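**Q** Mind looking over this structure? Questions follow.
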Amino acid sequence: MAVEHVTTPFGARGLSRGMLKAQHLAATCPEKAEAGKWQVLRDLTIARRQFAISDRAVTVLSALLSFLPQEKMRADCELLVFPSNAELSRRAHGISEATLRRCLAQLVEAGLLIRRDSPNGKRYARRNADGSVAKAFGFDLRPLLARVVEIGEAAAAAMAERNAIALLREEITLLRRDVRKTLAFAMEDGIDDEWDDVLTAFQACEGNSNRGLTLHELSNLAAELRTVSAAAEKLLERMSNFKIMYGNDVHYGRHKQDSNQTPFSDLESAAEKPTPGDAGADQTEEDDAAELPDPVGSSGIARAKRLAAAGKQDGKLRSKVPLDLVLRACPDIRGYAKHEIRSWNDLREAAGLVRAVLGISPDAWREAEEVMGGENAAATVAAILQRAEVIRSPGGYLRTLSDRAAEGTYSPAPVIHALLRY
């Protein structure tokens with residue numbers, strides 16, 4: 001790379017390829033070249049990664065451009081500025097001198113400006129008798145003007161990539177939502193081996209966050225999700241019978257509530273436990289179960305006893321948390337609703353889908369509705385979804401809360417307030 005005259009830096013700094021490239025560009029800059037300095041800065045801000053400069057370096061370049069008196073950079077005008085470090089730091093919003101030096105080195109190495117150092121390394125200008133500048137030492141911005149076209153093309157490419165990434169992220173979000181709700185719908189009637197394959201493939205895609213992924217990585221993830229979505233739609237078309245399950249009617253009554261509620265964080269690791277008892281206790285359980293026409297729950301007699309105990313408390317759990325409070329504490333459940341959640345019925349319908357996604361059995365969900373009431377059961381499932389990453393067994397956890405509700409020692413209110421604090 002040939003240049004007319006090589007300008008070397010002061011002190012221990014040596015020449016680099018970036019310096020030589022910048023000097024070559026300055027020497028070959030077209031005579032009629034011109035560009036708005038702030039437009040060039042905006043383009044470079046967008047394309048700064050392509051030029052390997054930081055956002056702080058762009059700020060320093062903005063401060064350097066502010067010392068040019070004219071709005072447009074022109075090849076026939078002087079483009080050399082010579083501010084002191086103190087003044088440059090002030091116009092760069094007060095960055096430290098060490099950061100300023102690093103940013104200037106980035107700009108020089110990127111070939112965006114030339115450091116024209118004086119014999120003693122200071123930046124200054126010698127003036128003629130009429131006050132015009134005869135000779136100046138500082139930073140030459142001519143390479144920036146010479147690379148206007150390159151910077152503009154890089155900015156356009158960066159914007160196109162940014163838009164493509166935004167579109168892919170939207171598509172990935174929609175595909176994940178569609179497949180998730182399709183699987184939840186299919187789980188209502190049970191899934192066969194083919195659905196299991198779709199679920200396994202979807203879980204592999206679901207575990208990958210799309211944040212920080214490159215355009216190529218996002219394209220691959222979107223392609224995988226399209227394949228999973230197509231397989232799910234194909235299986236959905238083959239389903240001949242659809243069964244839409246709604247929650248049971250809700251009944252309310254007075255409830256003796258323990259003022260010493262167990263906070264949500266104390267119950268997160270709870271799991272379903274078998275009900276111990278001797279022969280006499282088993283006989284009592286059978287007597288209690290006989291009073292109920294339709295015992296619910298996989299453990300039969302134990303479930304029936306719990307419902308019988310709840311029935312003897314003059315109605316089910318009456319107190320419920322305001323709906324808007326539940327939605328503020330548990331925003332994740334909004335993604336499972338068919339439309340905006342505006343009523344308790346909407347929340348219960350969304351909770352029915354969440355139940356299937358979390359692996360909570362229809363038995364445990366039906367029992368929670370019977371013991372707690374539909375609204376409180378839906379609020380509880382919404383809270384479980386919000387902290388699903390720390391709850392090992394959502395089904396066992398919900399049964400444990402049903403046990404406590406039957407005993408009068410559980411209300412969703414402390415859970416929701418704990419999530420708001422969390």
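The values are calculated or read from the model by the stated rules, or taken from the named source; none is laboratory data. None of these values were measured; they are calculated from a predicted model. Please note: Cβ atoms are built from the backbone with ideal geometry, for glycine as well, and neighbour counts cover all protein chains shown.
**Q** Restricting to the range 160-210, name every residue that is small (Gly, Ala, Ser) and either at pLDDT 90 or above or loosely packed, with under 12 Cβ neighbours inside 10 Å (or both).
**A** Within the range 160-210, Ala160, Ala164, Ala166, Gly190, Ala204, Gly207, Ser209 qualify.
**Q** Something else now. Go over the candidates Glu78, Glu97 one by one and state the one that is exposed (fewer than 14 other Cβ atoms within 10 Å of the Cβ) and either under 27 Å from Cys29 (Cα atoms) or assigned by TED's automatic domain parsing to the domain that holds Ala35 (or both).
**A** Checking each option against the conditions leaves just Glu97.
**Q** Further, regarding this structure: List the helices (runs of 4 or more DSSP H) that sit entirely inside the range 319-422 and contain at least 1 residues that are buried (at least 24 other Cβ atoms within 10 Å of the Cβ) and not β-branched (Val, Ile, Thr).
**A** Output list reads 344-358, 362-372, 374-386, 394-407, 412-421.
**Q** Right, another one. Being in contact with a helix residue (DSSP H, G or I) (Cβ under 8 Å, 6 or more places away or on another chain), at pLDDT 90 or above, under 19 Å from Lys122 (Cβ atoms) and buried (at least 18 other Cβ atoms within 10 Å of the Cβ) is true for just one of Leu64, Leu44. Which residue is that?
**A** Leu64
**Q** Take residues that are in contact (Cβ under 8 Å) with a residue 40 or more places away in the chain and tell me which of the helices (runs of 4 or more DSSP H) falling wholly in the range 53-154 contain 2 or more.
**A** 55-65, 97-109, 142-146
**Q** Next question. Among the residues of the range 155-180, write down those that are of a type in the set (Gly, Ala, Ser), touching a residue at least 24 places away in the same chain (Cβ under 8 Å) and under 25 Å from Lys21 (Cβ atoms).
**A** Hits for the range 155-180 are Ala155, Ala157, Ala158.
**Q** If I go through the range 220-238 residue by residue, how many of them are touching a residue at least 40 places away in the same chain (Cβ under 8 Å) and over 13 Å from Thr200 (Cα atoms)?
**A** The qualifying residues number 6.
**Q** Quick one: would you say Ala157 is in the same structural domain as Leu25 (by TED's automatic domain parsing), modelled with pLDDT of 90 or more and in a helix (DSSP H, G or I)?
**A** Judged against the criteria, Ala157 is not a match.
**Q** Please pick out the residue among Ala406, Ala364, Ala413 that is under 22 Å from Ile341 (Cα atoms), in the same structural domain as Ala350 (by TED's automatic domain parsing) and either without any contact (Cβ under 8 Å) to a residue 60 or more places away in the chain or not polar (S, T, N, Q) (or both).
**A** Result of the check over Ala406, Ala364, Ala413: Ala413.
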